[in-house]
1. Which is in contact with a Ser or Thr (Cβ under 9 Å, 6 or more places away or on another chain), part of a helix (DSSP H, G or I) and either among the aromatic types (Phe, Trp, Tyr) or more than 24 Å from Ala177 (Cα to Cα) (or both), of Asn149, Asn66?
2. Among the numbered conditions (1) assigned to a helix (DSSP H, G or I); (2) of a type in the set (S, T, N, Q); (3) within 16 Å of ligand 1 (Cβ to nearest atom); (4) more than 14 Å from Gly155 (Cα to Cα), tell me where Thr91 comes up short.
3. With of a type in the set (Lys, Arg) and either within 15 Å of ligand 1 (Cβ to nearest atom) or open to solvent by 60 Å² or more (accessible area, probe 1.4 Å) (or both) as the only criterion, which of Lys146, Lys140 stands out?
4. Do we find that Ile111 is in contact (Cβ under 8 Å) with a residue 24 or more places away in the chain, part of a helix (DSSP H, G or I) and either under 18 Å from Tyr175 (Cα atoms) or within 16 Å of ligand 1 (Cβ to nearest atom) (or both) in this structure?
5. If you check Ser116 against the conditions, is it of a type in the set (Gly, Ala, Ser), open to solvent by 40 Å² or more (accessible area, probe 1.4 Å) and more than 16 Å from ligand 2 (Cβ to nearest atom)?
6. Give Arg218, Arg162 a once-over and let me know the one that is part of a helix (DSSP H, G or I), touching a Phe, Trp or Tyr at 6+ places or on another chain (Cβ under 6 Å) and over 30 Å from Trp75 (Cβ atoms).
7. Mind counting the residues in segment 149-167 that are under 19 Å from Ile54 (Cβ atoms) and open to solvent by 70 Å² or more (accessible area, probe 1.4 Å)?
8. Is there any pair linking a residue in segment 181-199 that is surrounded by fewer than 14 Cβ atoms within 10 Å (Cβ to Cβ) to one that is of a type in the set (Phe, Trp, Tyr) and outside any helix (DSSP H, G or I), with Cβ under 9 Å and at least six apart or on different chains, and which?
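The values are calculated or read from the model by the stated rules, or taken from the named source; none is laboratory data. On a predicted model such as this, the values are computed, not experimentally measured, just so you know. Don't worry about glycine lacking a Cβ; one is built from the backbone with ideal geometry, like all the others, and counts go over all protein chains shown. Accessible surface areas use protein heavy atoms only, side chains included; no ligands, DNA or RNA. Shrake-Rupley method; radii C 1.70, N 1.55, O 1.52, S 1.80 Å.
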Amino acid sequence: MQLTLTLSGSVGMQLLLLVSNLLLWENVASNPIASVSTEDLYHRLVEQTHNTFILAADVHSEFDLNFVKSRMSSWLKDRIFPLCHTASIHTPESRKQVHEIKTDELLKAMINVSISWEEPLNHLVSAVTALPGASVSMQKKAVALKDKNLLILEGLQTIYNRTQDNVEENKNFGYPAWSGLEDLQSSDEDTHLFAIYNLCRCIKRDMHKIDSYLKVLRCRVVFNNEC
Ligand SMILES: *[C@@H]1O[C@H](CO)[C@@H](O)[C@H](O)[C@H]1NC(C)=O
Ligand SMILES: *[C@@H]1O[C@H](CO)[C@@H](O)[C@H](O)[C@H]1NC(C)=O
């Protein structure tokens, strides 16, 4: 910290911002997440999932604005929307189900969703980066979305591990594969764009789920259901 005091102007400010960014997620000192209390992990993680859902919604709406709305109004109309690749992961559908499911089971389902987005998000970033007419803002948000998913995964796994006496258990973690690569890389423009659209639609949906579930869990674990 002394270093930042001797610097003035924008460099000092940037350094300060950098330091506070790091502090947001981890202790700059050694062994970051492990030393954070579970309560604080929940608070930080909810902040992350909330922001990440907003990012996903932004990417979705920017794509909608620049690539869907500018097309014929019928472009999406008669489509059959494929199931999201995470659809097979058992997650609660109603408020009642959310309240009935055990904490570690729900965490495990969220980890499952997060892991199964690793690969498709990498490809979404490549697709959006190469997409003619995509705004710089949308490209940056797609990259941020990919990075945030990894942070969220780390946070979820840390909390999940603390709920387990025997962490060995989740070694062979099976998760649903994504099979949309061929469409995403298709040279047919329509197929290509529809594949991007579906990824945007599904990540928004899944981030919304993760954010909602985590808020319920934080309420349960941190506030004894009094919220
Ligand atoms: C993740 O979801 C898939 C698809 O339903 C399931 O086969 C797999 O067992 C789940 N993995 C875990 C660890 O829950
Ligand atoms: C959680 O436990 C598993 C299994 O031991 C381990 O592979 C993983 O690195 C742990 N993750 C975190 C974030 O602590």
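1. Numbers: Asn149 fails: either among the aromatic types (Phe, Trp, Tyr) or more than 24 Å from Ala177 (Cα to Cα) (or both).
Testing whether each residue is in contact with a Ser or Thr (Cβ under 9 Å, 6 or more places away or on another chain), part of a helix (DSSP H, G or I) and either among the aromatic types (Phe, Trp, Tyr) or more than 24 Å from Ala177 (Cα to Cα) (or both) leaves just Asn66.
2. Of the numbered conditions (1) assigned to a helix (DSSP H, G or I); (2) of a type in the set (S, T, N, Q); (3) within 16 Å of ligand 1 (Cβ to nearest atom); (4) more than 14 Å from Gly155 (Cα to Cα), the odd one out for Thr91 is (1).
3. Numbers: Lys146 fails: either within 15 Å of ligand 1 (Cβ to nearest atom) or open to solvent by 60 Å² or more (accessible area, probe 1.4 Å) (or both).
Step by step, each of Lys146, Lys140 is checked, and only Lys140 is of a type in the set (Lys, Arg) and either within 15 Å of ligand 1 (Cβ to nearest atom) or open to solvent by 60 Å² or more (accessible area, probe 1.4 Å) (or both).
4. Answer is yes for this residue.
5. Numbers: of a type in the set (Gly, Ala, Ser): yes; open to solvent by 40 Å² or more (accessible area, probe 1.4 Å): no; more than 16 Å from ligand 2 (Cβ to nearest atom): yes.
Judged against the criteria, Ser116 is not a match.
6. Just one listed residue meets the conditions, Arg218.
7. Summing the residues that are under 19 Å from Ile54 (Cβ atoms) and open to solvent by 70 Å² or more (accessible area, probe 1.4 Å) in segment 149-167 gives 1.
8. Listed pairs, sorted by first residue: Asp190/Trp75.
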